[in-house]
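J.: My questions all concern the structure below.
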Amino acid sequence: MAEGKKGEIYIVGMGPGCREKMTGEVWKALEESDGIVGYTVYVELIKESFPDKAYYTTPMRQEIERCRLCFELAAEGKKVSLVCSGDAGVYGMAAPMFELWEEYRGKKGYEELHLTVLPGITAANSGAAELGAPLNHDYCVISLSDLLTPWEVIERRLRAAVAGDFAICIYNPSSHKRRDYLKRACDILLDAGAETSRACGYVVNIGREGMESRVLTLEELKGQEVNMFTTVFIGNSESFIWGDKLITKRGYKI
């Protein structure tokens, strides 16, 4: 981690938000930061651990405003941490920060700006650990949110995942406005050739209070109501359910 730089910005992956699932590097960055910027829900998860920090929050759909705030604070010579749940580079804020960097670093006061991305445990990995080994071979991660990605593209990716026999981790399977999206995704997977008996699972509130998990078939998954704090796992053609675990074979003969 760079030391002594004017205008330090750490783009931080904080995992699910608990101390036990943050890297030492992330914890150190948060300790050293003058200010912590983030989505309101994520900031609330760490306030108790860092009560004396200055916090700056924006609500959902104000991601770019959040990024600009980081640059403005860094221009004042502050060390700033932009916190993201999971990993900052997996549906996180790393990409928009670098896109905006091109705009800012040529301006007066931003010449010494320095961005550092610090990885965190994303939901695909922390959720997989709860279920056993659902992603133990080639896998893909697909978000069902169509706020930034057209549904036609999402459907094409789902079909491609079945064609390639990937295990699949699904982010953002539902919201208040997208209650039926998981069912739609399951129907697409079945139409693309996935078996109704394909092994699946999901985890709710990974690493947080109220965490729970379940294993089930793809046909059963289609009828489940889930929320935005749920991560869904769909096995490949060789995956299987073992007790309360979802296992995707690595390929070694046992």
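All of the numbers you see were taken from the coordinates with simple rules; none came from a lab. In this text the structure is predicted, and so the values were computed from the model without any measurement. Methodologically, a virtual Cβ is constructed for each residue, glycine included, from the backbone with ideal geometry; neighbour enumeration extends over all protein chains shown.
J.: Could you tell me the relative contact order of the range 21-153? Use alpha-carbon pairs under 8 Å, at least six residues apart, and round to a whole percent.
T.: 24
J.: Next question. Work out from phi, with θ = phi - 60° and the Karplus expression 6.51 cos²θ - 1.76 cosθ + 1.60, the ³J(HN,Hα) of each residue of the range 47-53, listed in order in whole Hz, and give x for Gly and Pro.
T.: Per residue, the Karplus-derived 3J(HN,Hα) values read 4, 5, 6, 10, x, 9, 7 Hz.
J.: Order of R198, R105 from fewest to most other C-beta atoms within 10 Å?
T.: If I rank by nearby Cβ atoms, fewest first, I get R105, R198.
J.: Moving on. State, to one decimal in nm, how far the label point of R159 lies from the label point of K177, with both points 7 Å from Cα in the Cβ direction.
T.: Distance between the two pseudo-spin positions: 2.6 nm.
J.: Separate question: Give me, ordered by chain and number, the residues 5 or more places off L216 or on other chains with an amide H under 5 Å from its own placed amide H.
T.: Under 5 Å from the amide H of L216: C200, G201.
J.: Then there's this: What is the set of long-range amide H partners of V117 at a cut-off below 5 Å, with H atoms built 1.01 Å from backbone N?
T.: I11
J.: Rounded to the nearest 0.05, what FRET efficiency do E63 and R184 have when you use their Cβ-Cβ distance and R0 = 25 Å?
T.: The calculated FRET efficiency here is 0.45.
J.: In addition: Assign unit charges at the C-beta atoms only (+1 for Lys and Arg, -1 for Asp and Glu), then state the dipole size of the chain relative to its Cα centre in Debye, rounded to the nearest 20.
T.: Magnitude of the dipole: close to 180 debye.
J.: Hey, another quick one. Could you please rank I206, I247, I64, placing first whichever residue has the fewest other Cβ atoms within 10 Å of its Cβ?
T.: With the sparsest Cβ surroundings first, the list reads I64, I247, I206.
J.: Ok, one more. Can you give the calculated 222 nm mean residue ellipticity of the chain, where each DSSP H run of n ≥ 4 adds -39,500 (n - 2.57) and the sum is split over every residue, rounded to the nearest 500 deg cm²/dmol?
T.: After summing the helix terms and dividing by residue count, I get -9000 deg cm²/dmol.
J.: Would the chain count as rounded, prolate or oblate if I go by the C-alpha gyration tensor, calling it rounded below 1.5 in a/c and otherwise prolate when a/b exceeds b/c, oblate otherwise?
T.: prolate
J.: Can I ask one more? Give, as a single signed number, the net charge of other residues whose beta carbon lies under 11 Å from the beta carbon of Y104, with Lys and Arg counted +1 and Asp and Glu -1.
T.: Overall, the nearby charge balance is -1.
J.: Provide the per-residue ³J(HN,Hα) series for the range 29-45, in order, calculated from phi with Karplus coefficients 6.51, -1.76, 1.60 and θ = phi - 60°, each as a whole number of Hz, with x at glycine and proline positions.
T.: The phi angles translate into 4, 5, 4, 7, 6, 7, x, 10, 10, x, 4, 3, 4, 6, 4, 4, 5 Hz.
J.: Checking the cross-link filter: which aspartates and glutamates have an alpha carbon closer than 13 Å to that of K222, excluding same-chain neighbours under 8 positions apart?
T.: Once the sequence-local aspartates and glutamates are set aside, what remains near K222 is D180, D187, D191, E195.
J.: Of the cross-linked pairs K21/K177; K47/K78; K183/K245; K53/K108; K28/K78, which ones have a Cα-Cα span greater than 25 Å in the structure shown?
T.: Too far apart for the 25 Å limit: K21/K177; K53/K108.
J.: Taking Cα atoms, how many degrees apart are the long axis of helix 94-104 and the longest axis of the chain, rounded to 10 and kept between 0 and 90?
T.: 30
J.: Going by how many other beta carbons lie within 10 Å of each one, how would you line up S145, S197, fewest first?
T.: Starting with the residue having the fewest Cβ neighbours, the order is S197, S145.
J.: Let me check against my output: what whole-number percent is the relative contact order of the chain, with C-alpha pairs under 8 Å and at least 6 apart?
T.: 20
J.: Continuing with the same structure: Rounded to the nearest 10 degrees, what's the angle between the helix 63-75 long axis and the longest principal axis of the chain, both from Cα atoms, 0 to 90?
T.: Roughly 30 degrees, rounded to the nearest 10.
J.: Between the helical axis of 151-163 and the dominant principal axis of the chain, each derived from Cα atoms, what acute angle in degrees is found, rounded to the nearest 10?
T.: That works out to roughly 50 degrees.
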